[in-house]
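Engineer: Pasting a structure below so you can have a look.
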Amino acid sequence: MRYRGASSRAQQDQALTFKPGILPSQSIEALVAAGRIRAEEPLAQGQIQPASLDLRLGRRAFRVRASFLPGHKASVEERIAQLSFHEIDLTRGAVLETGAVYIAELLESLDLPPELAAGANPKSSTGRLDVFTRVIANGAREFDQIAAGYSGPLFLEISPRTFPVLARTGSRLSQVRFRAGAVRLDDAELAALHARDRLVTSAEPSIQSGIAVSVDLEGFGPDRLVGYRAKRYTGLVDVDAVGARAVEDYWDPLYLKNEGELILDPGQFYILASKEAVHVPPDFAAEMTPFDPLVGEFRVHYAGFFDPGFGHAGAGGAGSRAVLEVRSRDVPFILEDGQIVGRLVYERMAERPAALYGAGLGSNYQAQGLKLSKHFKGG
């Protein structure tokens with residue numbers, strides 16, 4: 001996609017061209033300049049990522065009785081009016097309680113061209129706090145999916161599952177990617193890319209609707225730390241405060257035992273790490289499937305976006321693991337070291353981003369091993 005300065009909207013639109021693929025940062029900037037991405041406040045520094053745009057909470061949120069999709073029968077605003085308990089002022093900051101469902105207005109809205117669609121996901125730090133978020137658009141029949149040509153406001157469903165959180169206007173909990181055309185690699189294309197660029201460090205990874213990722217339960221460091229289990233009934237976490245909370249107040253460390261087995265307790269939240277290092281080449285983006293019933297009744301990932309350059313040696317990411325946000329569903333489940341827990345799907349970029357993940361962007365999770373969210377000391 002290319003953008004040239006123009007004095008009118010029509011001229012701007014004529015200057016926008018779309019190649020098939022995920023739009024990179026420079027193309028997102030062009031959409032902003034052309035008025036196709038709108039914001040009630042100027043975009044903040046770092047809000048545009050290599051292949052996505054961070055979405056910011058607006059001025060109001062509403063506690064609602066239940067999650068919903070508007071479909072074609074009502075707008076999001078109409079459904080909020082039907083289901084809302086009360087309105088929350090986010091300009092002064094507000095505590096969002098565990099187990100409750102909130103719908104927040106977002107500062108960003110869209111006026112997409114007819115050939116451009118979008119998809120959203122929680123940010124990495126959001127998923128690692130076990131805060132469940134989903135973007136909703138008017139007329140939507142699916143969460144986190146924004147139809148090609150959509151014009152209108154965006155809303156965010158927020159449901160903290162483990163920790164109460166403090167959020168405010170401008171907090172960034174979710175992110176959106178823009179897609180033109182068919183972008184996902186099929187299994188044959190994925191196998192060819194892996195043969196060329198080695199996407200994961202498995203000797204012979206399973207490729208079936210994505211490339212397999214397994215869990216590391218051998219442990220990290222001299223103490224053989226395998227992961228963390230979230231504590232219940234903790235204090236709150238400020239989503240905008242980096243390094244403000246002590247790990248021991250929120251997490252129980254888990255160490256190697258039982259020959260590399262871990263029993264997942266229903267309703268508990270775990271942070272684990274992949275056994276493989278993961279590589280996203282500069283001309284691709286990746287996403288992890290959050291739930292695969294073929295490998296077990298548990299969810300393995302909330303925040304599924306991997307930007308171009310994640311784990312790329314040229315961007316300082318050699319050896320980067322995928323951090324797994326794991327929650328078992330209805331029954332206890334035994335994980336074993338090396339067990340497949342999810343799959344990465346790869347998508348083509350329309351063009352290489354101006355800057356890769358980790359390359360001078362202050363990316364929090366490049367070259368990560370087992371790592372908690374940035375909100376915790378040492379995270």
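Engineer: For the range 129-139, which positions are at negative phi, touching a Pro at 6+ places or on another chain (Cβ under 9 Å) and open to solvent by less than 10 Å² (accessible area, probe 1.4 Å)?
Structural biologist: Scanning the range 129-139 gives LEU129, VAL131, THR133, ILE136, ALA137.
Engineer: Which of the residues spanning the range 81-98 are surrounded by 15 or more Cβ atoms within 10 Å (Cβ to Cβ), in a strand (DSSP E or B) and of a type in the set (Val, Ile, Thr)?
Structural biologist: Selection gives ILE88 alone.
Engineer: Assess whether PRO205 counts as being open to solvent by 10 Å² or more (accessible area, probe 1.4 Å) and touching a Leu at 6+ places or on another chain (Cβ under 9 Å).
Structural biologist: Details: open to solvent by 10 Å² or more (accessible area, probe 1.4 Å): yes; touching a Leu at 6+ places or on another chain (Cβ under 9 Å): yes.
Considered against the rule, which asks whether it is open to solvent by 10 Å² or more (accessible area, probe 1.4 Å) and touching a Leu at 6+ places or on another chain (Cβ under 9 Å), PRO205 comes out as yes.
Engineer: Does LEU193 meet the test of being surrounded by 16 or more Cβ atoms within 10 Å (Cβ to Cβ), within 21 Å of the chain's Cα centre (by Cα) and modelled with pLDDT of 95 or more? Can you show your working first?
Structural biologist: Working: surrounded by 16 or more Cβ atoms within 10 Å (Cβ to Cβ): yes; within 21 Å of the chain's Cα centre (by Cα): no; modelled with pLDDT of 95 or more: yes.
No; evaluated as a whole, the condition is false for this residue.
Engineer: Can you pull out the residues in the range 19-61 that are surrounded by fewer than 18 Cβ atoms within 10 Å (Cβ to Cβ) and in a strand (DSSP E or B)?
Structural biologist: Within the range 19-61, ARG38, ALA39, ARG59, ARG60 qualify.
Engineer: If a residue has to be assigned to a loop (DSSP other than H, G, I, E, B), out of contact with any strand residue (DSSP E or B) (no Cβ under 6 Å at 6 or more places or on another chain) and either free of Cβ contacts under 8 Å to residues at least 60 places away in the same chain or surrounded by 21 or more Cβ atoms within 10 Å (Cβ to Cβ) (or both) to count, how many in the range 99-128 make the cut?
Structural biologist: 1
Engineer: Residues of the range 212-226 being at pLDDT 90 or above, part of a strand (DSSP E or B) and under 19 Å from VAL200 (Cα atoms), which ones?
Structural biologist: Within the range 212-226, ALA212, VAL213, SER214, VAL215 qualify.
Engineer: Look through ARG348, ARG327 and report the one residue that is under 30 Å from HIS194 (Cα atoms) and either modelled with pLDDT under 90 or open to solvent by less than 50 Å² (accessible area, probe 1.4 Å) (or both).
Structural biologist: ARG327
Engineer: Looking only at the range 256-282, count how many residues are outside any strand (DSSP E or B) and touching a helix residue (DSSP H, G or I) at 6+ places or on another chain (Cβ under 8 Å).
Structural biologist: 3
Engineer: Examine the range 298-315 for a residue that is in a strand (DSSP E or B), modelled with pLDDT of 90 or more, surrounded by fewer than 22 Cβ atoms within 10 Å (Cβ to Cβ) and not hydrophobic (A, V, I, L, M, F, W, C), and state whether such a residue exists.
Structural biologist: No, that holds for no residue.
Okay, residues lined up against (1) out of contact with any Cys (no Cβ under 8 Å at 6 or more places or on another chain); (2) without any contact (Cβ under 8 Å) to a residue 60 or more places away in the chain; (3) open to solvent by less than 50 Å² (accessible area, probe 1.4 Å):
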site	(1), (2), (3)
ASP216	yes, no, yes
ARG224	yes, yes, no
ARG232	yes, no, no
VAL242	yes, no, no
GLU248	yes, yes, no
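The values are calculated or read from the model by the stated rules, or taken from the named source; none is laboratory data. These numbers come from a predicted model, not from an experiment. When we count neighbours, we look across all protein chains shown, and the Cβ atoms used for this are built from the backbone with ideal geometry, even at glycine. Calculation scope for accessible area: heavy atoms of the full protein, side chains included, ligands and nucleic acids excluded. Shrake-Rupley method; radii C 1.70, N 1.55, O 1.52, S 1.80 Å.
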